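Undergrad: My structure is below; once you've seen it, I'll send some questions.
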């Protein structure tokens, strides 16, 4: 199980540091129903990651070894493909980063988060993890990493539970800050939101670059 956790750890951290979900969490926890909407959003993110990973592990994505006990050719090719795609996304994020004081546009749905009900906040968490291409690819790569470690089904389940917990640290942080600091958290959360919004392109470019290179290297080493 240690190998499975080691393989998926960078990918889980990549999901945790994804800026858009963190910004959405800040907006939701700062809304009139923030005490409910914030936790609901975090639960939605956790459910989405857990279900997607569980399904992928159940169908055996990335599983299988060759005669020497190393990753199978199919697993190595999958990692190569994911690595190339993530590097392409990293390049796109870098080219689209804001220059100087320019503010990058946020998704339009961000503008209606203040009016969300708890049920909509829960769905938003599911969608932002399951349908966001960058996060979805990181989750898929994480499941493939766990499956290729040669662990038992029980060990895979534990490893994926750990992945899910790490993956929601980013979106859970604004909620924890709000509950601990109360009204005093407003200024801190708004500064966090502004910084994440301005730096989102650079943050994601670096994350995708590092993970893309790792997957590319793992895929090449397995061929």
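Undergrad: For the Cα atoms of the chain, what angle does the longest principal axis make with the long axis of helix 19-29, in degrees from 0 to 90, nearest 10?
TA: Helix 19-29 sits roughly 40 degrees off the main axis of the chain.
Undergrad: Counting other C-beta atoms within 10 Å, which of 120, 108 has the fewest, and how do the rest follow? It would help to have the intermediate numbers written out before the result.
TA: Working: 120 17, 108 7.
Placing the least packed residue first, the sequence is 108, 120.
Undergrad: Over the chain, what is the relative contact order in whole percent, taking alpha-carbon pairs under 8 Å and six or more residues apart?
TA: Reported relative contact order: 47 percent.
Undergrad: Just to confirm the number: angle between the C-alpha axis of helix 2-16 and the first principal axis of the chain, 0 to 90 degrees, nearest 10?
TA: Its long axis makes an angle of about 30 degrees.
Undergrad: What do you get for Rg/Rh over the chain if you use C-alpha atoms and the Kirkwood form of Rh?
TA: 1.01
Undergrad: What do you get for the angle between helix 118-130 and the principal long axis of the chain? Use alpha-carbon atoms, 0 to 90 degrees, nearest ten.
TA: 40 degrees
Undergrad: Let me ask something additional. Listing 184, 193 from the residue with the fewest other Cβ atoms within 10 Å to the one with the most, what is the order? Mind showing how you got there, number by number?
TA: Numbers: 184 10, 193 20.
Ascending Cβ contact count within 10 Å gives the list 184, 193.
Undergrad: Please arrange 41, 116 by counting, for each residue, the other beta carbons lying within 10 Å of its beta carbon, fewest first. Mind showing how you got there, number by number?
TA: On the way: 41 33, 116 21.
The most exposed by this proxy come first: 116, 41.
Computed from the coordinates by the stated procedures, all read-outs in this text should not be read as laboratory data. Note that this is a predicted model, so its numbers are computed, not measured. Positions of Cβ are backbone-derived with ideal geometry, glycine not excepted, and every protein chain shown enters the neighbour counts.
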